[in-house]
Amino acid sequence: MRIAVTYENGMIFQHFGHTAQFKIYDVVNGEIVTSEVIDTNGSGHGALAGLLSALNIDALICGGIGGGARNALDSAGIKLYGGVAGFADLAVQALIAGNLDFNPDVQCNHHGDHHHEHNCSEHGCGSHSCGEHGCH
């Protein structure tokens with residue numbers, strides 16, 4: 001099994017579409033056998049699902065994620081574990097053990113809202129301001 005986690009400084013990055021790195025884990029017989037951090041090389045949103053598919057990822061752990069990316073992951077056959085925060089390594093261990101606390105209905109629903117002035121952290125997209133990533 002290959003698991004990808006949106007990644008920044010050991011933590012789960014909270015906005016899938018803007019993650020600069022993934023940490024990729026190879027799991028065999030319930031044990032992590034390898035892990036590596038890869039750069040997304042500027043890919044964003046829907047292109048990230050293609051990147052993960054090309055890496056033969058089976059599951060993704062992330063924070064907030066928009067509907068388009070959710071659909072792209074689903075089409076690629078990648079199982080989504082969204083709405084997760086904290087240390088990436090601990091989240092993967094929890095997933096392997098079958099006790100990962102995730103939100104199957106997580107949405108990063110500020111996409112398409114062109115008139116908001118609030119901070120995205122109010123709805124699970126991390127601690128950045130919406131204006132920083134051009135969703136206007």
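Backbone amide hydrogens, once placed in the peptide plane, bring G86 within less than 5 Å of I12, excluding anything fewer than 5 places away on its chain. Size descriptors for region 1-49: radius of gyration and Dmax over Cα atoms are 11.3, 33 Å.
Values in this text are rule-based calculations from the coordinates and carry no lab data. Bear in mind that the values here come from a model prediction, so they are computed numbers and not experimental data.
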